[in-house]
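Worksheet: one structure, shown below.
The values are calculated or read from the model by the stated rules, or taken from the named source; none is laboratory data. Keep in mind that this is a model prediction, so the values were computed, not measured. Cβ atoms come from the backbone with ideal geometry, glycine included; neighbour counts cover every protein chain shown. Just the protein is used for accessible areas: all its heavy atoms, side chains included, with ligands, DNA and RNA removed. Shrake-Rupley method; radii C 1.70, N 1.55, O 1.52, S 1.80 Å.
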Amino acid sequence: MVNRVETYIKKEGLLSREGLHIVALSGGADSVALLRVLLAAGYRIEAAHCNFHLRGDESDRDEQFVKNLCQQNDVPLHLIHFDTAEYASLHQVSIEMAARELRYRYFDQLRQDIRAETVCVAHHRDDAVETFLMNLLRGAGIHGLTGIRPRNGHIVRPLLCVSRQDILQYLDSIGQDYVTDSTNLVDDVLRNKIRLHLIPLLNQLSPAASDNIARSAAYLSEAEKLYNAFCSD
């Protein structure tokens, strides 16, 4: 796992050895694996955790887990609390959009404050597949069907080369626990419906479905690059 991710990081030019990098750490399996992998690979990292106060005691549980994890691994931790519901109401956006705006605004400010090169987020291959299917259902063009990019400005995604199953197996192999966001287990939004129902059905019809969809998104990404290069000439 560590070697695969490090090879991907080098291939995509995501992280430097000399620079400081922020890990967006929720306490879930994906972000915990990202933290442990980057530590094992020898990168210089600090962690950032957002408490959105949306899940009552569960939000505080996540914060305490993250504090303990960072203390155990000697990783500096930056914490921030948000009144996400008030922000969503004030700006007339969904709770999901509010959390996203607050999170990424904070990450970028923190990056500048501590002079970090990047903010590392834990999107993996299955997230890219979900995004591809969501955009396909919405009738997206070629840009929307390229999946999740490994880099978007200062935001980088070192785990796009591995699946959720790879992550869980890695955490089990090193005896690392994590917390689970209960909202991810409820099919109340489109992404969760795709994750909980559509993708398992597709993989039942074809065991290689997720791999093939991820590969198709990669092909479309290369096609988009050629298209953009042609249009710019």
Most positive-pole-ward Cα, Val93, Ala116, Ser206, against dipole of the chain from beta carbon charges: Ser206
For peptides 24-34, 175-185, 99-109, sequence by mean Cβ density within 10 Å, most packed first: 24-34, 99-109, 175-185
Cα-based radius of gyration of region 155-233 once divided by 2.2 N^0.38 Å, which approximates compact folds: 1.46
Cα shape, region 89-146, gyration tensor, a/c 1.5 rule: oblate
Listed peptides 83-92, 145-154 by packing density, highest first (mean Cβ within 10 Å): 145-154, 83-92
Cα shape, region 107-211, gyration tensor, a/c 1.5 rule: oblate
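Relative contact order for the chain: what percent, with Cα pairs under 8 Å and sequence separation of 6 or more?
Relative contact order of the chain: 23 percent.
Seen from all sides and averaged, what is the projected area of the convex hull of the Cα atoms in the chain, in nm²?
Values: hull surface 56.6 nm².
Its Cα hull, projected and averaged over all orientations, spans 14.2 nm².
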Semi-axis lengths, Å, region 1-87, gyration tensor of Cα atoms, sqrt of 5 times eigenvalues: 27, 13, 12
Probe 1.4 Å, protein heavy atoms only - accessible area per residue of the chain in square angstrom: 54 Å²
Environment charge at Ala88 (Cβ cut-off 12 Å; Lys +1, Arg +1, Asp -1, Glu -1): -3
For the chain, size of Cβ-based charge dipole, Lys and Arg +1, Asp and Glu -1, in debye: 660 debye
In sequence order, calculated HN-Hα J values of region 28-35 (Karplus, 6.51, -1.76, 1.60; Hz; x Gly/Pro): x, 4, 5, 6, 5, 4, 4, 4
Signed unit charges on C-beta, dipole axis of the chain, positive-most listed residue Leu102, Cys231, Asn152: Cys231
Efficiency of FRET from Cβ geometry, Ser89 and Ile174, R₀ 45 Å, rounded to 0.05: 0.60
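Under a Cβ-only charge scheme (Lys and Arg +1, Asp and Glu -1), can you give me the dipole magnitude of region 23-73 about the Cα centre, in debye to the nearest 20?
Values: 5 positive and 7 negative charges, 46 e Å.
Taking the Cα centre of region 23-73 as origin, the dipole is about 220 debye.
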Theoretical gain in end-to-end length, Arg151 to Asp187 [0.36 nm per residue, Cα-Cα removed]: 10.1 nm
Accessible-area composition of the chain, carbon plus sulfur, in percent [1.4 Å probe]: 51 percent
